[in-house]
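Reading through the structure tokens given below for one structure.
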């Protein structure tokens, strides 16, 4: 019996430690708010996706992709990356300002999506109280360069430390703005159609409260771009409360089959 394949990261990584936090689903919503501020990224989604009709399905597919990259075997992660690259290679969109047709797999857009995603994971975990030090934060971002390579990016062109992410945001901010599509996406994230007949239950206000928390955890400049410079302290306190509440639940309820399989492989390796 060979040595178990522990994937791209493994049990000694900050990535595995951070992504064991169930609160990270909140980070996925934060990343969507942030990504919508890039006009071309938003156009690429709006013109190639049925996210308004199948929002739950899209979120689940994205979560499964992230889970495969983080906790899957090396082969599983590489296959997931290949499928995503093939899908993106077929997609184009039209710039809402210039009318120019562009590829959605351009390095500029792939880099924006990657950085907003991993920075959101890191920020939400830390703001929610996860014990992630400054050194851990830098190590996490460096580890995530492997995930960037899967989608077709050159790791040398991707921010791999907290300081580099801040420099990247500073350089990119002139390209960002509140467009009608961005406002529509933000409204959709706050008040989506509820699946499975949950629209007339407490699930709707609960979701809106969660999405508002994700919005409140955005960088201050992003909240100002949306025209809602709300303070972030209430959102951070809410995130901490949610994390504590989740920690009281049976962990078997909170983790995916991919995570559980990764833990079994790690136990065999140990």
Task: Label-point separation in nm, residue 202 to residue 75, each point 7 Å along Cα→Cβ - done: 4.6
TODO: Among 253, 42, 194, determine the one that fluctuates most according to a GNM of the chain built with springs between C-alpha atoms less than 10 Å apart.
DONE: 253
Open item on the list: Between the range 231-270 and the range 41-99, what is the separation of their alpha carbon centroids in Å?
Closed with: 24
- [ ] Note down the nm distance, to one decimal, between modelled labels 7 Å out along Cα→Cβ at residue 187 and at residue 156.
- [x] 4.6
- [ ] Please give the length that would be gained between residue 83 and residue 59 if that part of the chain were fully extended, namely 0.36 nm times their separation in residues minus their C-alpha to C-alpha distance (nm, one decimal).
- [x] 6.9 nm
- [ ] For the chain, set up a Gaussian network in which alpha carbons nearer than 10 Å are linked by springs, and say which option among 182, 248, 239 fluctuates the most.
- [x] 248
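If I take R0 = 22 Å and measure r between the Cβ atoms of residue 194 and residue 263 in this structure, what FRET efficiency does the formula 1/(1 + (r/R0)^6) give, to the nearest 0.05? Don't skip to the end; give the middle numbers.
Working: r = 32 Å, r/R0 = 1.47.
Efficiency computed from Cβ-Cβ geometry: 0.10.
Values quoted throughout were computed directly from the atomic coordinates according to the rules given, and no laboratory measurement underlies them. Computed from a prediction, not measured in an experiment: that's the story for all the values here. So basically every Cβ, Gly included, is an ideal-geometry build from the backbone, and we count neighbours across all protein chains shown.
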